[in-house]
Structure formats: C-alpha cells, structure tokens
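The values are calculated or read from the model by the stated rules, or taken from the named source; none is laboratory data. Just so we're clear, the structure is a prediction, and the values are computed from it rather than from any experiment. Positions of Cβ are generated from backbone atoms using ideal geometry, with glycine treated the same way; all protein chains shown enter the neighbour counts. What goes into the accessible areas is simple: the full protein's heavy atoms, side chains included, and nothing from ligands, DNA or RNA. Shrake-Rupley method; radii C 1.70, N 1.55, O 1.52, S 1.80 Å.
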Amino acid sequence: MTPATRLAVAAASIAIRAAGWNAADDFSIGTIAAGYDNWLSANVHYFRDYVAAGRTLSRGNLFIYTLPTSAPSEVAIALSLTGPTAHLHADALAVDALLRHGKTLVAN
C-alpha cells in the first residue's frame, strides 16, 4: 500500500472504533474519498518505474495505486467493510462533497 492508503486504513479503523462500531453491528459501513492529491505521487512513481524498466511493462502492484478508488477499496478490504465504496472527483470543496454524498447515502 502507498503511505496515503495506509494512513486511510488507520484513520478509518480509529474512526470506527471511536464510534463504538464493531463487526457484530447490524449495519454496513462504507467508504467515501475525494480529491486528487495523493494519486499524483503514485502516478509519478508508476511512470518512473515504467521508464526505468526500459519502457516495458511496469509492475502491476504499482499501477493499482494510480487509481483514485484504490484507497477506499483497500480500506474496505482491510477492515471487512460491506457498505458502499466511492471516490468523488470533487473540486476544491472536497469535504463539502463528501458530507453531501454521505448524507445522501445515509438518507437512502
């Protein structure tokens, strides 16, 4: 996992524990992420590896982290979450977009 993805798993784990939720609860927990910043460095790392390999295939384990959905997906896998997983391509108001989408998911 990339450092940003490991941080997302740790933060989600802490938040779930702080809320008092556990695997025996009768509801699913999902993940929502937004923004682009952390995936830029993953793309740079991937393409540097690609060029260093003589323009052949880069390693697949690097490619997966170039996708903005990788962090929420890894969180769901690591913590056995069964709720919806989403990545929002939000503008400068990423937190507002997360809150609006989260409220919609809960309401539905």
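Answer yes if at least one residue in the range 40-53 is in a helix (DSSP H, G or I), at pLDDT below 75 and open to solvent by 70 Å² or more (accessible area, probe 1.4 Å), and no otherwise. Yes, the conditions are met somewhere in the range 40-53.
Total residues in the range 58-94 satisfying the condition of being more than 16 Å from Thr5 (Cα to Cα), exposed (fewer than 15 other Cβ atoms within 10 Å of the Cβ) and at pLDDT 80 or above: the figure is 2.
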